[in-house]
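Novice: What follows is a single structure, and I will ask about it in a moment.
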Amino acid sequence: MTLGKLAVNDRRDGFTLDGKPWFWLADTCWSAFTSIELADWDYYLARRAEQGINVLQINTLPQWDRCRPDLGLYPYASEDGTVFDWSTPNEAYWQRAREMCRMAVERGIRPALVLLWCNYIPGTWGANISEKLGVPLLPFEEVRPHIERVVEHLGEFDPVYVVAGDTDFKADEAIRYYEEGFSAICELAPDSLRCVHINRGNRSIPEQFVDRVDFYMYQPGHNYEGQDEAWKLPEDFCSLYPKKPLLNSEPCYEQMGASRNVYWRFSAQDCRASAWSGILSGATAGLTYGAHGVWNWQTAASRGSVLGEGFDMPFRWQECLQFPGVWDFGLVSHVLDALTEGGKLAIEPAQELLDDAREAIRVARVGERIVAYLPRVTALKLRGDLDGMRAVAFDLEDKRLAHLPMRVDTQAGTTRVEQHPFGHDALVVLTPTA
């Protein structure tokens with residue numbers, strides 16, 4: 001059972017599927033294998049497929065901040081779902097994970113499987129929390145057997161392998177573990193795409209791993225005051241590392257309370273801002289959506305998370321599937337397809353065109369077009385005499401189109417696109433008239 005050959009495109013800024021342009025549109029469902037009944041999984045997959053999701057980011061180990069109670073089914077022998085006998089695999093878990101991947105692939109959705117989440121790996125920020133709570137970590141000698149088990153049971157579904165989950169690389173011991181992980185997966189699945197999912201605001205990948213990842217993931221995350229990382233991270237990745245596809249793998253999650261118990265809930269518009277500002281800053285290969293209550297699988301019986309983190313209470317997963325933001329994310333690839341003429345044109349960040357100190361406004365070139373994302377209503381001020389172009393604004397919330405007047409100041413060498421009439425964010429596109 002296969003979904004086709006996934007590869008990096010010739011421009012190294014995106015993916016192809018069987019040679020055709022393909023946009024990564026994922027959902028984070030980290031705790032799927034431990035938490036979701038198969039009947040609910042079937043409904044979840046049907047809805048996400050309708051919404052255009054083509055990848056699911058899933059943890060192969062129990063998610064440390066999943067909701068309790070879970071199903072009580074773990075990959076290794078355990079009485080409580082936190083302390084494991086790593087030498088005793090639970091075949092029932094692996095067979096169930098296999099069935100869940102089969103069901104996803106039948107819906108046209110590819111698994112992206114995280115091999116080594118940070119809380120199991122010594123020297124990471126997640127391990128610090130585990131150790132404070134007295135939770136044992138993964139023994140080094142069990143890294144390769146675990147990865148062998150993932151490939152043996154789930155490799156037939158052509159997954160993407162995410163070697164590191166939500167991790168940092170500050171300690172030598174963590175790097176040693178992930179080095180072992182890379183060695184194992186490169187040997188066992190040499191033709192599969194590989195990447196790392198690094199923690200919020202991180203732009204540091206150890207040099208020895210850069211050549212072994214096929215694309216980069218970055219994470220703006222869920223800090224209220226850190227949302228500018230949505231565009232700062234791709235700018236830094238583009239300047240620091242060899243060119244490879246880049247995607248926002250964990251933007252703020254819809255209706256998630258901000259981290260550290262800040263009194264805030266991220267809206268669909270906040271999520272769109274993270275998505276579009278990243279895309280126009282260089283993260284053009286894809287995008288990941290998240291809803292608080294899906295990734296950790298909140299139910300009516302949930303009593304909080306396993307090890308906990310500072311977020312407000314999630315919505316139940318059934319309510320999360322009705323959130324509007326995922327439909328906005330599903331529209332992104334269609335807008336990009338129209339702008340790039342089916343993938344023939346590259347999206348090139350062009351922030352130097354912005355004649356405005358407000359960096360949250362992002363600007364890019366797509367062929368002869370200029371595209372800007374405005375998270376709030378304002379006039380768009382650009383450098384250059386752009387006479388001979390016309391401007392339209394696409395309302396990203398209500399999906400309306402407005403034709404906007406432009407004023408060119410020939411003497412100053414600037415162009416002003418007048419304020420659009422919508423009450424929320426918009427994509428402004430300038431196109432040559434000739």
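Novice: With respect to V135, determine if the residue is over 26 Å from the mean Cα position of the chain (by Cα), open to solvent by less than 40 Å² (accessible area, probe 1.4 Å) and either over 25 Å from G286 (Cβ atoms) or hydrophobic (A, V, I, L, M, F, W, C) (or both).
Specialist: Values: over 26 Å from the mean Cα position of the chain (by Cα): yes; open to solvent by less than 40 Å² (accessible area, probe 1.4 Å): yes; either over 25 Å from G286 (Cβ atoms) or hydrophobic (A, V, I, L, M, F, W, C) (or both): yes.
Yes, satisfied.
Novice: Consider A97 carefully, then state whether it is assigned to a helix (DSSP H, G or I), at pLDDT 95 or above and under 26 Å from L45 (Cβ atoms).
Specialist: Values: assigned to a helix (DSSP H, G or I): yes; at pLDDT 95 or above: yes; under 26 Å from L45 (Cβ atoms): yes.
Yes: the conditions hold for A97.
Novice: At least 1 residues that are touching a residue at least 40 places away in the same chain (Cβ under 8 Å) in each: list the strands (runs of 3 or more DSSP E) lying fully within segment 379-434 that qualify.
Specialist: Working: elements: 380-383, 389-395, 401-404, 406-409, 414-417, 426-432.
Fully inside segment 379-434 and qualifying: 380-383, 389-395, 414-417, 426-432.
Novice: Right, something else. Mind counting the residues in segment 83-102 that are in contact with a His (Cβ under 8 Å, 6 or more places away or on another chain) and open to solvent by 70 Å² or more (accessible area, probe 1.4 Å)?
Specialist: Taking segment 83-102 as the starting set, the residues that turn out to be in contact with a His (Cβ under 8 Å, 6 or more places away or on another chain) are 86, 94-95, 97-98.
Now restrict to residues that are open to solvent by 70 Å² or more (accessible area, probe 1.4 Å): 95, 98.
Within segment 83-102, residues that are in contact with a His (Cβ under 8 Å, 6 or more places away or on another chain) and open to solvent by 70 Å² or more (accessible area, probe 1.4 Å) number 2.
Novice: In segment 4-11, is there at least one residue being under 30 Å from L137 (Cα atoms) and either open to solvent by 50 Å² or more (accessible area, probe 1.4 Å) or touching a Pro at 6+ places or on another chain (Cβ under 7 Å) (or both)? Lay out the reasoning, then the answer.
Specialist: The initial filter retains those residues of segment 4-11 that are under 30 Å from L137 (Cα atoms), namely none.
No.
Novice: Which members of segment 106-126 meet the condition of being of a type in the set (A, V, I, L, M, F, W, C), open to solvent by less than 10 Å² (accessible area, probe 1.4 Å) and in a helix (DSSP H, G or I)? Steps first, please.
Specialist: Going through segment 106-126, the residues of a type in the set (A, V, I, L, M, F, W, C) turn out to be 109, 112-118, 121, 125.
Next cut, open to solvent by less than 10 Å² (accessible area, probe 1.4 Å) only: 109, 112-118, 121.
Passing the criteria: only C118.
Novice: Now for a separate question. Could you please give the count of residues in segment 161-185 that are small (G, A, S), closer than 18 Å to V210 by Cβ and part of a loop (DSSP other than H, G, I, E, B)?
Specialist: Total satisfying the criteria: 0.
Novice: Looking at R212, R203, can you tell me which residue is among the basic types (K, R), closer than 21 Å to P111 by Cβ and part of a loop (DSSP other than H, G, I, E, B)?
Specialist: Working: R203 fails: closer than 21 Å to P111 by Cβ.
Result of the check over R212, R203: R212.
Novice: Let me ask another. Looking only at residues in segment 240-259 that are in contact with a His (Cβ under 9 Å, 6 or more places away or on another chain), of a type outside the set (S, T, Y) and open to solvent by 10 Å² or more (accessible area, probe 1.4 Å), which one is nearest to N59 (Cα to Cα)?
Specialist: Filtering first and then ranking leaves E250.
Novice: Hey, among the residues in segment 37-57 that are under 24 Å from A275 (Cα atoms) and charged (D, E, K, R), which one's most open to solvent (accessible area, probe 1.4 Å)?
Specialist: Initially, segment 37-57 is screened for residues under 24 Å from A275 (Cα atoms), giving 44-57.
Checking which are charged (D, E, K, R) leaves us with 47-48, 50.
On the way: R47: 53, R48: 1, E50: 120 Å².
For segment 37-57, the residue satisfying everything is E50.
Novice: Counting just the residues of segment 254-263 that are at pLDDT 95 or above and in a loop (DSSP other than H, G, I, E, B), which one comes out farthest from V326 (Cα to Cα)? Quick ask: steps written out before the conclusion?
Specialist: In the first step, residues of segment 254-263 are kept if they are at pLDDT 95 or above; the result is 254-256.
Imposing the further condition that a residue be in a loop (DSSP other than H, G, I, E, B) reduces the set to 255-256.
Working: Q255: 12, M256: 14 Å.
The extreme case among them is M256.
Novice: Shifting gears a bit: Based on what the data block shows, is I175 open to solvent by 10 Å² or more (accessible area, probe 1.4 Å), under 26 Å from N248 (Cα atoms) and among the aliphatic types (A, V, I, L, M)? Steps first, please.
Specialist: On the way: open to solvent by 10 Å² or more (accessible area, probe 1.4 Å): yes; under 26 Å from N248 (Cα atoms): yes; among the aliphatic types (A, V, I, L, M): yes.
For I175, the condition - open to solvent by 10 Å² or more (accessible area, probe 1.4 Å), under 26 Å from N248 (Cα atoms) and among the aliphatic types (A, V, I, L, M) - is met.
Novice: Take segment 71-80 and flag every residue that is surrounded by fewer than 19 Cβ atoms within 10 Å (Cβ to Cβ) and either touching a Phe, Trp or Tyr at 6+ places or on another chain (Cβ under 6 Å) or assigned to a strand (DSSP E or B) (or both).
Specialist: Answer for segment 71-80, where residues must be surrounded by fewer than 19 Cβ atoms within 10 Å (Cβ to Cβ) and either touching a Phe, Trp or Tyr at 6+ places or on another chain (Cβ under 6 Å) or assigned to a strand (DSSP E or B) (or both): L73, A77, S78.
Novice: Taking segment 286-307 as the search range and keeping residues that are among the β-branched types (V, I, T) and closer than 10 Å to R66 by Cα, which one is most open to solvent (accessible area, probe 1.4 Å)?
Specialist: Restricting attention to segment 286-307, the residues satisfying the condition of being among the β-branched types (V, I, T) are 288, 294, 299, 306.
Retained after the next criterion (residues that are closer than 10 Å to R66 by Cα): 294, 306.
Values: V294: 0, V306: 30 Å².
The extreme case among them is V306.
Novice: Which residues, taken from segment 138-153, are open to solvent by 20 Å² or more (accessible area, probe 1.4 Å) and either more than 20 Å from V213 (Cβ to Cβ) or of a type in the set (A, V, I, L, M) (or both)?
Specialist: Taking segment 138-153 first, the residues open to solvent by 20 Å² or more (accessible area, probe 1.4 Å) are 139-142, 144-145, 148-149, 151-152.
Matches in segment 138-153: P139, F140, E141, E142, P145, E148, R149, V151, E152.
Novice: Looking at T60, T28, T34, T16, which one is out of contact with any His (no Cβ under 7 Å at 6 or more places or on another chain), open to solvent by 10 Å² or more (accessible area, probe 1.4 Å) and modelled with pLDDT of 95 or more? Walk me through it before giving the result.
Specialist: Numbers: T60 fails: open to solvent by 10 Å² or more (accessible area, probe 1.4 Å); T28 fails: open to solvent by 10 Å² or more (accessible area, probe 1.4 Å); T34 fails: open to solvent by 10 Å² or more (accessible area, probe 1.4 Å).
One residue alone meets the criteria, T16.
Novice: Another question about this same structure. All but one of (1) closer than 17 Å to W276 by Cβ; (2) part of a loop (DSSP other than H, G, I, E, B); (3) more than 14 Å from the chain's Cα centre (by Cα) hold for K232, so report the exception by its number.
Specialist: (2)
The values are calculated or read from the model by the stated rules, or taken from the named source; none is laboratory data. Everything numeric in this text was worked out from a predicted model, so none of it was measured. Here Cβ is always computed from backbone atoms with ideal geometry, including for glycine, and neighbour counts include all displayed protein chains. Note: accessible area is taken over every heavy atom of the protein model, side chains too, but ligands, DNA and RNA are not part of it. Shrake-Rupley method; radii C 1.70, N 1.55, O 1.52, S 1.80 Å.
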